[in-house]
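S.K.: Take a look at the following structure, please.
Read the figures in this text as sums done on the coordinates, not as results from a lab. Everything quoted here is computed from the prediction, not taken from an experiment. We place every Cβ from the backbone using ideal geometry, glycine too, and count neighbours over all the protein chains shown.
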Amino acid sequence: MSLSRKTAVAGVYEHPTRFAPDKSMFQIMAESVRGALDDAGLTIKDVDGLATTGMGMGGMGIISFADYLNLTPNYVDSTAIGGSSFVAHTAHAAAAIAAGLCEVCVVVYGSTAASQRFAIGTGGAGGSGDPPDQYDAPFGVTTVGAYAMIAQRHMHDYGTTPEQLAEIAVTMRLHASMNPVAKYRDRITVEDVLASRVISSPLHLLDCCIISDGGGALVITSAERAKNLKKKPVYILGVGEAVRHAARGQRDYLDIAAAQSGKLAFERAGVAHKDIDMAMIYDSFTITVLTTLENLGFCKRGEGGAFVSGGRLRYDGAFPINTDGGGLSSNHPGMRGIFLVIEAAKQLRGECGPRQVKNCKTALVHGTGGALGTRHSGATLILSNQ
Amino acid sequence: MPEPKEKKYAKPLPHIDEENRPWWEALKRHELYIQKCRDCGDLRYYPRALCTNCLSSRTEWLRTSGHGKVYTFTATYQNQAAGFRESLPYIMAYVELDEGLKMLTNLVECRPEQVKIGMPVEVVYEDVTPEVTLAKFRPAR
């Protein structure tokens, strides 16, 4: 059974806040749901499916949020696989709608990480107490450190340079300069990135995503219903998800979840790499982008450094990515997968103003959750306006 | 408030239980082990009760040589967590043991600029509490 073009993203909303000490996480989430339903031309009475991670909430997670908005959905999904969760929720919602489990599913996220001063990438080393953590946490694993080890190995194996990684951050900042709600909008140079302090070698401060508050929501429904709604439907063509971990001590660490989830999404969508007009690639760190593009098959393993160079990733380049400015410059409240889907949908609807990619018909979204260097998830979507 | 006389070990400690106790007890004796499946021969680290290749519970403990090579590493200059913020920068690494398995660890007795991927290293045992010894690595001598 193919899911291709049976369902669509019918409404999206990115909460404009980047700092909200006056709002709770639930309020940001609820305002995001309102925004996405308005965008779709639907009301809260139409919602019969609900997805959010439940991470950062109390023990009852998604049920508590249903309580707050007085929702009684027929379908709930609180898959919690880190930053990619909302990309996975979109995939699951598509399958649920195609199978008749619900008709209108809202996917929602909110966080007040910045106003609560969470040290997302460089704090906490205690782990959860689960078996794998026992053998990592005593050595001081941070999120940035786990990604830095991927960068170090990539540089060793393939001669990837700090300048090549820096160009990714420079491009994201260029895009953020064209996004009125981005947190950091002043242009930067490769020299600025290399001159910023080293957080965990070889990654500099400006190789790392920012920390902000924020939230967003999506409305997913059947393609048929989406055709009669307010906005142009963004069809879901293919989905895939995967995880990678220590593999009992036998992992090749430059093989990431994107290799598996991307292959599945392309096969299921029935499209080729050359058909992708723009991509939203989770940019927790510059190295995340480079190694994700390789693993998705946009270039060969080891060629990522050259691929991300020369302006290719710019909104007006040969392969535009992260036109909102990404997690590196626009917003990163902890798990930014939802913003990947939102920006891709806006690009496919032609709503991106000065940063609009020309003739954008098909987009790829890839979310990463967890840490590439220890344990992580990947979720891929292929979307189209046709 | 008066300063405590002895500095308490502030970094995270493992939860030793019946599944992993033999491994941690061996480290206390300054011996580093991996596991091998008695049915299919698959090697695994970290220790667990069954083979991930064939799900057999029949497990052999193999003592390692304690030698390996640096697979990758990072020098960490920022970590707000107690125990680590006082010991910056520290080096975190995956060491690939001569037996073929990768372990997350710290490199000690060297400076970040001395570390190279592929560099031979050997285990050093750090007795961090009366119950817990950690396997760290230093440049091979």
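S.K.: Quick one: putting +1 on the C-beta of Lys and Arg, -1 on the C-beta of Asp and Glu, what dipole do you get for segment A:178-323 around its Cα centre, in Debye to the nearest 20? Could the numbers behind the result be given before it?
M.R.: Values: 19 positive and 16 negative charges, 95 e Å.
Result for segment A:178-323 is approximately 460 debye, rounded to the nearest 20.
S.K.: Separate question: Against the longest principal axis of chain A, how steep is helix A:257-269, in degrees 0 to 90 to the nearest 10, with axes from Cα atoms?
M.R.: Result, in degrees: 40.
S.K.: Let me ask another. Within a 10 angstrom radius of the beta carbon, how do A:His273, A:His89, A:His204, A:His376 rank from fewest other beta carbons to most?
M.R.: Values: A:His273 13, A:His89 31, A:His204 21, A:His376 26.
Lowest to highest Cβ neighbour count: A:His273, A:His204, A:His376, A:His89.
S.K.: Based on the Cβ-Cβ distance of B:Leu13 and A:Lys232, what FRET efficiency does E = 1/(1 + (r/R0)^6) give at R0 = 56 Å, to the nearest 0.05?
M.R.: Numbers: r = 55 Å, r/R0 = 0.99.
My answer for the efficiency is 0.50.
S.K.: Does anyone have the angle between helix A:85-98 and the longest principal axis of chain A? Alpha-carbon axes, 0 to 90°, nearest 10?
M.R.: With both axes taken from Cα atoms, the answer is about 30 degrees.
S.K.: Give me the one-decimal nm value for the distance between modelled label points at A:His156 and B:Leu88, 7 Å along each residue's Cα-to-Cβ direction.
M.R.: Reported label-point gap for A:His156 and B:Leu88 is 2.4 nm.
S.K.: For the protein assembly as shown, can you list the cysteines whose C-beta has no other cysteine C-beta under 4.7 Å from it?
M.R.: Isolated Cys, the protein assembly as shown: A:Cys102, A:Cys105, A:Cys208, A:Cys209, A:Cys299, A:Cys352, A:Cys360, B:Cys110.
S.K.: Inside 10 Å of the C-beta atoms of B:86-96, what's the mean count of C-beta atoms belonging to other chains?
M.R.: What the average comes to for B:86-96 is 3.
S.K.: Could you pull out every one of the lysines with an alpha carbon less than 20 Å from that of A:Lys300, ignoring same-chain neighbours closer than 8 positions?
M.R.: Within reach: A:Lys263, A:Lys274.
S.K.: Sketch the reach of a paramagnetic label on A:Ala99 as a point 7 Å from Cα along Cα-to-Cβ, and name the residues of segment A:57-85 whose backbone nitrogen lies under 13 Å away.
M.R.: Residues passing the 13 Å test: A:75-77.
S.K.: Students often check this: by mean Cβ neighbours within 10 Å, which of A:218-227, A:303-312, B:67-76, A:57-66 ranks highest, and how do the rest follow?
M.R.: Working: A:218-227: 22.1, A:303-312: 17.6, B:67-76: 23.7, A:57-66: 15.1.
Going by the mean number of other Cβ atoms within 10 Å, highest first, we get B:67-76, A:218-227, A:303-312, A:57-66.
S.K.: With r defined as the distance between the Cβ atoms of A:Leu194 and B:Ser56 and R0 fixed at 30 Å, what FRET efficiency is calculated, to the nearest 0.05?
M.R.: Numbers: r = 51 Å, r/R0 = 1.70.
Given R0 = 30 Å and the Cβ-Cβ separation, E is 0.05.
S.K.: Using a 10 Å cut-off around each Cβ of peptide B:13-21, what is the average number of partner chain Cβ atoms that fall inside? Before the final figure, lay out the partial values.
M.R.: Details: counts 4, 8, 6, 1, 2, 0, 1, 3, 0.
Average neighbour count from other chains, rounded to a whole number: 3.
S.K.: Over chain A, calculate the relative contact order: mean separation of alpha carbon pairs under 8 Å at least 6 apart, over the residue count, as a percent.
M.R.: Values: 941 pairs, mean separation 100.5, N = 386.
It comes to 26 percent, rounded to a whole number.
S.K.: Evaluate the relative contact order of segment B:65-141 (contact order divided by residue number), counting alpha-carbon pairs under 8 angstrom at least 6 apart; express in whole percent. Working shown, then result.
M.R.: On the way: 148 pairs, mean separation 23.9, N = 77.
Across segment B:65-141, relative contact order equals 31 percent.
S.K.: According to a simple spin-label model (label point 7 Å from Cα along Cα-to-Cβ), what is the distance in nm between A:Asp316 and B:Lys28?
M.R.: Once both label points are built, they end up 6.8 nm from each other.
S.K.: When only Cα pairs under 8 Å and 6 or more residues apart are kept, what is the percent relative contact order across segment A:276-386? Write out the running numbers ahead of the final one.
M.R.: Details: 172 pairs, mean separation 34.5, N = 111.
That works out to 31 percent.
S.K.: Which lysines does A:Lys183 reach when only Cα atoms under 30 Å apart count, and residues fewer than 8 places away in its own chain are ignored?
M.R.: A:Lys23, A:Lys230, A:Lys231, A:Lys232, A:Lys346, A:Lys358, A:Lys361
S.K.: Which value at 222 nm does chain A reach when only helices count, each DSSP H run of 4 or more adding -39,500 (n - 2.57), with the total divided by all residues and rounded to the nearest 500 deg cm²/dmol?
M.R.: On the way: 12 runs with 124 residues, N = 386.
Dividing the helical sum by the residues of chain A leaves -9500 deg cm²/dmol.
S.K.: Then there is this: Nearest 500 deg cm²/dmol is fine: what mean residue ellipticity at 222 nm does chain B get from its DSSP H runs of n ≥ 4 alone, each adding -39,500 (n - 2.57), divided by its residue count? Please list the in-between numbers first.
M.R.: Numbers: 1 runs with 8 residues, N = 141.
Taken over chain B, the calculation gives -1500 deg cm²/dmol.
S.K.: Using a 10 Å cut-off around each Cβ, can you sort A:His15, A:His92, A:His366 from fewest to most neighbouring Cβ atoms? Could the numbers behind the result be given before it?
M.R.: Numbers: A:His15 27, A:His92 23, A:His366 30.
Final ranking by Cβ density, sparse to dense: A:His92, A:His15, A:His366.
S.K.: Could you work out, residue by residue across B:45-53, how many beta carbons of other chains sit within 10 Å of that residue's beta carbon, and then give the average as an integer? Intermediate values should be presented prior to the final figure.
M.R.: Numbers: counts 5, 9, 3, 3, 1, 0, 1, 3, 1.
Partner-chain Cβ atoms within 10 Å, mean over residues of B:45-53: 3.
S.K.: Using Cα atoms only, what is the angle between the long axis of helix A:286-296 and the major principal axis of chain A, expressed in degrees (0 to 90) to the nearest 10?
M.R.: Helix A:286-296 sits at roughly 70 degrees to that axis.
S.K.: Just rank B:Cys110, B:Cys51, fewest to most, by other beta-carbon atoms within 10 angstrom. All intermediate terms of the calculation are to be shown ahead of the outcome.
M.R.: Working: B:Cys110 14, B:Cys51 22.
With the sparsest Cβ surroundings first, the list reads B:Cys110, B:Cys51.
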